[in-house]
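FYI, it's all coordinate maths here, none of it is from the lab. Note that the structure is predicted; figures quoted are calculated from it, not measured. Every residue, glycine as well, gets a Cβ built from its backbone with ideal geometry; the counts of neighbours run over all protein chains shown.
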Amino acid sequence: MMLRSLLISKSCSLAISALSVLSATWASGQAPAPAPAPSAYTLEDVLPSLTFDLPVAVTTAPGDTERLYVMEKSGRVQRIDGWRGPNPTKKTFLDLTLPKDGKLQNNASECGLLGFTFAPDFAKSGRCFVYYSLRFSRKLHQRLSRFQVLPGDPTKADPASEQPLITQEDAANNHNGGDLHFGQDGYLYVSVGDGGGGNDQFDQARFIDRGFHAGLLRLDVDQRRGNPPPNPHPGIARAANGRAFYSVPADNPFVGATSYHGSAVDPATVRTEFWATGLRNPWRFSFDAPTGRLFVGDVGQNAYEEVNVVTRGGDYGWSLREAQHPFPLGPSGETLPPDFHPIDPVFEYPHNVGLSVTGGVVSHAAGLPELEGAYIFADFATGMVVALREASPLWKDEMLMREPGISAIGVDPQNGDLLFANLAQGKIKRLTRAPAVPVSAQ
């Protein structure tokens, strides 16, 4: 995830407060555009009476503007009723800390409850999907599962209803990705990291036939007619008849692939679930509904953080490069494959500016029309909240404000307001204009 290991703990607020004084000067000499005023924007507490245990996402159910859901890294999805009023209440919607076939791994670096989303037909089907870390047989695993609400009670998910889809053994506890969203096509998109360690030490990022690593997956959880089953993999759960619990969209880019990066691959071993490849640790992605574009914040290794607009079959370079720059410390060294055509990020920034990108959303907030169409993202460590606007070759940036600890950005479906999860503070906040500073105080 975007959180550096030393930061991801309840005491991380102390560390990130120190990091927030880092210089805001680009190594390349390109400085961020100044904010309109030092206090042009601020984050206000949406739920002053409530706190959360390491919140890593905030969302709503399709068609429901009255309930808010907050995902806690420690293992619970909290439902907030009456969140717009003076007396909101917090109730547990899903609890993954309960006994199960494995123990939730929520206290190791970047592990825990990492992703959660509702099916588009949630009001009818009661389905939701979760990505989380667990330990069994003395080994760490990352799991994608489906849950159902309790019979007769759509306000709670039934822990006993869990149906794992993919459970993958994990050699390290960092770089897990784990974000989940349904696209406008009705398919489930899943972000996966390179498997952890440093410098792609397990050599998993440069391949499409070594497991679910370093990219975005696209799954058909409805198993529509005409979509093929996934290729064999030990981590794919199967019913008694041998059938997996999802299919692969027939138009996924690597269905039937016979080569990758210029080397031959066996179509029967390719992870046809891949939609895009070459992402080191995609921490938070989103779809912009009006345009359908898919934005990803990808956490860098030694020098750069990046924001990508992801397209079908796109290769974003890791671990052959970091952002737009050569990366000789990876398993390939300085040798590039014969067929390597990575897509450049739309924006990058060096590590003297920020250390850990938190992917965001495109703003359509009715109350902030000046930000319409801008992509808003944050840096977890330095606290930058930045607006990107489309330009060439790299998008133009505007620094809006700073607040360390931002782990995710969501949207209020009623008015488009941007909702920020602050892991360090345990709070959910809203981006708004800061109060005007009196002239006498300037």
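What to note about this one:
- In plain terms, the chain from residue 87 to residue 233 could stretch by 47.7 nm, reckoned as 0.36 nm per residue minus the Cα-Cα distance.
- FRET efficiency, residue 158 to residue 324 (Cβ-Cβ, R0 35 Å, nearest 0.05): 0.15
- The chain: calculated mean residue ellipticity at 222 nm from DSSP helix runs of at least 4, using -39500 (n - 2.57): -500 deg cm²/dmol
- Candidates 306, 403, 390: whichever shows maximal mean-square fluctuation once the chain is modelled as a Gaussian network with Cα springs under 10 Å: 390
- Local net charge near residue 127, Cβ-Cβ under 13 Å (Lys/Arg +1, Asp/Glu -1): -2
- Proximal lysines relative to residue 139, as straight alpha-carbon distance under 23 Å, when same-chain residues fewer than 8 apart are discounted: 73, 100, 103
- Nearest-20 debye value, the stretch 115-193 charge dipole, Cβ charges on Lys, Arg, Asp, Glu: 240 debye
- Listed by Cβ neighbour count within 10 Å, with the fewest neighbours leading, 103, 427, 156 appear as 103, 156, 427.
- ³J(HN,Hα) computed for each position of the stretch 244-252 - Karplus, 6.51 cos²θ - 1.76 cosθ + 1.60, integer Hz, glycine/proline x: 5, 9, 8, 10, 9, x, 4, 9, 4
- Shape category assigned to the stretch 244-400 from the gyration tensor of Cα positions, a/c cut at 1.5: oblate
- Rounded if a/c under 1.5, otherwise prolate or oblate - the stretch 137-258, Cα gyration tensor axes: oblate
- In range of the label at residue 250: residues from the stretch 226-241 whose backbone nitrogen is under 18 Å from the point 7 Å along Cα→Cβ: 226-231
- Eligible aspartates and glutamates near residue 90 by straight Cα distance, threshold 14 Å, same-chain separation 8 or greater: 53, 66, 72, 81
- Least to most buried among 71, 399 (fewest other Cβ within 10 Å first): 399, 71
- Electrostatic tally near residue 264: other residues with Cβ closer than 15 Å to its Cβ, Lys and Arg +1, Asp and Glu -1, net -1.
- The chain: most fluctuating residue of 225, 206, 271 per GNM, C-alpha cutoff 10 Å: 225
- Extension gain, residue 201 to residue 390, is 64.6 nm, computed as 0.36 nm per intervening residue step minus the present C-alpha separation.
- The stretch 285-346: projected area of the alpha-carbon convex hull, averaged over directions, in nm²: 4.5 nm²
- Of 106, 352, 422, the residue with the greatest mean-square motion in the GNM of the chain, using alpha carbon springs below 10 Å, is 352.
- Ratio of Rg to Rh over the chain (Cα coordinates, Kirkwood Rh, two decimals): 0.95
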